[in-house]
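Peer 1: Can you keep this structure in mind? I'll have questions shortly.
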Amino acid sequence: MSYMDSIDPVQHKKRLKDYSILAFACKRANNYRNEGRACYSCGVLHDNLGQHLKAIHWYEKFLAICQQIGDSHGVGLAYNCIGVSYQKLGEENRKYYKKAIEYHKKHFQHGEVKDKFIASMNLGLVYGLIGDKESADIYNQEALVYAAQVSSLSGQTAVIGNLGRIGADTTIRNVSGLRVYAEKYLALSFEMRHRMGEAEAHMQLGRIGQTVGDHAKSVEDFAKARKIAKELGNSQWESEASVKLGIAKAEVNWKNKANDILKAIVDSKESF
């Protein structure tokens, strides 16, 4: 069951009505802080219902109030929420990705280290979605730096995973750099006991091995990825790893056979 399936629309609509009435009452009473909180809550509820344009309307009200009362934290939160809502809209219509980038950049410029980490990671994701891999790589690397500054192990793991996926989706210009990201992702996933992350890292390393012709290493990594996927009961990943493993083994066998043929030719020439 998806997250959307678990939402009770009737209950959400009732809460929306309550918060909109509260926002109106607080506005009349010049209670700006609580008005802002009510507007933010309306935005979240609309987002939960998949009504992202309506959510943005309420987040913009929240943003204006926070700017008016000098609530710096609220301003950063509003920028993030608006950017993420546009990002979700971009999944249906790519034109909204431009607005998502605009607000994530505002969040980055406004916030402190933790905000810059979140904004950089969001920018890395959006640029990756629109196919600008160079910008995505830059922002993901910035996010990695900020994650380290706030000592967020989970943040570092997520960013390195994104960097690896971006490299895996394109022509690899810097294989050694991509291998470093994948190995870091593996180490951090192991430290966090994130088993699916370990499997994904081994899959990345296996693909890198295939790219550089190190098929023996690919066999090793794909086998480890398949083993973890099987232990986790993830049949889709187990199947994908099995296919990759089969291809890698075939490459190893062909390389060994080619070497045997070449050796036989050389030996036959030397015998004359």
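Peer 1: Do any of LYS184/LYS227; LYS95/LYS184; LYS88/LYS114 go past 24 Å between their Cα atoms, and which?
Peer 2: On the way: LYS184/LYS227 20 Å; LYS95/LYS184 34 Å; LYS88/LYS114 22 Å.
From the list (LYS184/LYS227; LYS95/LYS184; LYS88/LYS114), the Cα-Cα distance tops 24 Å for LYS95/LYS184.
Peer 1: If each of ASN34 and ALA216 carries a label point 7 Å out from its Cα toward its Cβ, how far apart are those two points in nm?
Peer 2: Here the modelled spin labels are 7.3 nm apart.
Peer 1: Let me ask something else. P(r) for region 1-154: what percent of alpha-carbon pairs falls in each 10 Å bin, starting at zero?
Peer 2: Binned Cα distances yield the sequence 12, 34, 34, 18, 3.
Peer 1: Then there is this: Length gain on complete extension for the stretch GLN68 to ILE138, per 0.36 nm per residue less the alpha carbon to alpha carbon distance? All intermediate terms of the calculation are to be shown ahead of the outcome.
Peer 2: Working: separation 70, 0.36 × 70 = 25.20 nm, distance 3.36 nm.
Taking GLN68 through ILE138 to full extension adds about 21.8 nm, to one decimal.
Peer 1: Using protein chains only and a probe of 1.4 angstrom, how many square angstrom of VAL44 are accessible, to the nearest 10?
Peer 2: 50 Å²
Peer 1: With a Förster radius of 35 Å, plug the Cβ-Cβ distance of LYS17 and GLU112 into 1/(1 + (r/R0)^6) and report the FRET value to the nearest 0.05. Mind showing how you got there, number by number?
Peer 2: Values: r = 36 Å, r/R0 = 1.02.
Calculated transfer efficiency: 0.50.
Peer 1: Sticking with this structure for a sec: Relative to the present Cα-Cα distance, how much length would full extension add between GLU102 and LEU232 at 0.36 nm per residue of separation? Don't jump to the answer; show the numbers that get you there.
Peer 2: On the way: separation 130, 0.36 × 130 = 46.80 nm, distance 3.93 nm.
Fully extending the segment from GLU102 to LEU232 adds 42.9 nm.
The values are calculated or read from the model by the stated rules, or taken from the named source; none is laboratory data. What you see is a predicted model, and the numbers here were worked out from it, not measured in a lab. Note that we place each Cβ from the backbone using ideal geometry, even for glycine, and neighbour counts take in every protein chain shown. Quick note on the areas: whole protein, heavy atoms, side chains included, nothing else; ligands and nucleic acids left out. Shrake-Rupley method; radii C 1.70, N 1.55, O 1.52, S 1.80 Å.
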